[in-house]
1. Going through the stretch 91-104 one residue at a time, which ones are at pLDDT 95 or above and closer than 18 Å to residue 122 by Cβ?
2. Restricting attention to the stretch 42-65, does a residue exist that is assigned to a helix (DSSP H, G or I), among the hydrophobic types (A, V, I, L, M, F, W, C) and under 18 Å from residue 115 (Cβ atoms)?
3. Just to be sure, is residue 128 in contact (Cβ under 8 Å) with a residue 12 or more places away in the chain, farther than 26 Å from residue 16 by Cα and among the aromatic types (Phe, Trp, Tyr)?
4. Go through the residues of the stretch 38-46 one by one and say whether even a single one is among the polar types (S, T, N, Q), in contact with a helix residue (DSSP H, G or I) (Cβ under 9 Å, 6 or more places away or on another chain) and surrounded by 14 or more Cβ atoms within 10 Å (Cβ to Cβ).
5. Select from the stretch 75-89 the residues that are part of a helix (DSSP H, G or I) and of a type outside the set (Phe, Trp, Tyr) and write down the one among them that is farthest from the chain's Cα centre (by Cα).
6. State yes or no: is residue 48 farther than 14 Å from residue 14 by Cα and outside the structural domain of residue 135 (by TED's automatic domain parsing)?
7. Would you check which residues across the stretch 77-93 are buried (at least 20 other Cβ atoms within 10 Å of the Cβ) and either at positive phi or not hydroxyl-bearing (Ser, Thr, Tyr) (or both) and list them?
8. Please verify whether the stretch 15-27 includes one or more residues that are in contact with an Asp or Glu (Cβ under 9 Å, 6 or more places away or on another chain) and without any contact (Cβ under 8 Å) to a residue 40 or more places away in the chain.
Amino acid sequence: MQMSGIKEKMVVTIDIEQMITFREPQITQIIGKSTHPDAVYTCMNIIKQLGGPVMVILDSGHSKENVLAELDLYAKFVTSGSYLIVEDTNLNGNPVLPEYGEGPREALDEWFPLHMDEFEVDKQCEQFMITFNPSGYLRRK
């Protein structure tokens, strides 16, 4: 697929089990845990082969530990001007499900200050004031 000089687009999805079978050739599904070295290595190889802009959406296990691991593993793939989106930062009273326990928002609160020179929070993505991802839209500088 060629569009306005942009290289072929590819979507890579990682899931612990196969929930759906994709027929579209531009969708690659990796079955496994997102933090497993094999999944990260496979993503890295796909990115190297295709080149071009890379956006990452983190939306797997929502424990603080898992999200921190994903941030450390996948943020490096995001290209300048593209996004790293941390899903469901609204959990644990931010403002929903106050009993949830530490999750994506707490991971982001710990990780982001160490990466402010690389990423910025893009509040424009929250312009309609309703989001599951408050402060979770990070644009690579």
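The values are calculated or read from the model by the stated rules, or taken from the named source; none is laboratory data. None of these values were measured; they are calculated from a predicted model. Note that we place each Cβ from the backbone using ideal geometry, even for glycine, and neighbour counts take in every protein chain shown.
1. 104
2. No, that holds for no residue.
3. Against the criterion (in contact (Cβ under 8 Å) with a residue 12 or more places away in the chain, farther than 26 Å from residue 16 by Cα and among the aromatic types (Phe, Trp, Tyr)), residue 128 does not qualify.
4. No: the stretch 38-46 contains no residue that is among the polar types (S, T, N, Q), in contact with a helix residue (DSSP H, G or I) (Cβ under 9 Å, 6 or more places away or on another chain) and surrounded by 14 or more Cβ atoms within 10 Å (Cβ to Cβ).
5. For the stretch 75-89, the residue satisfying everything is 76.
6. So residue 48 fits the description; yes.
7. Passing the criteria: 78, 84, 86, 88, 90, 91, 92.
8. yes
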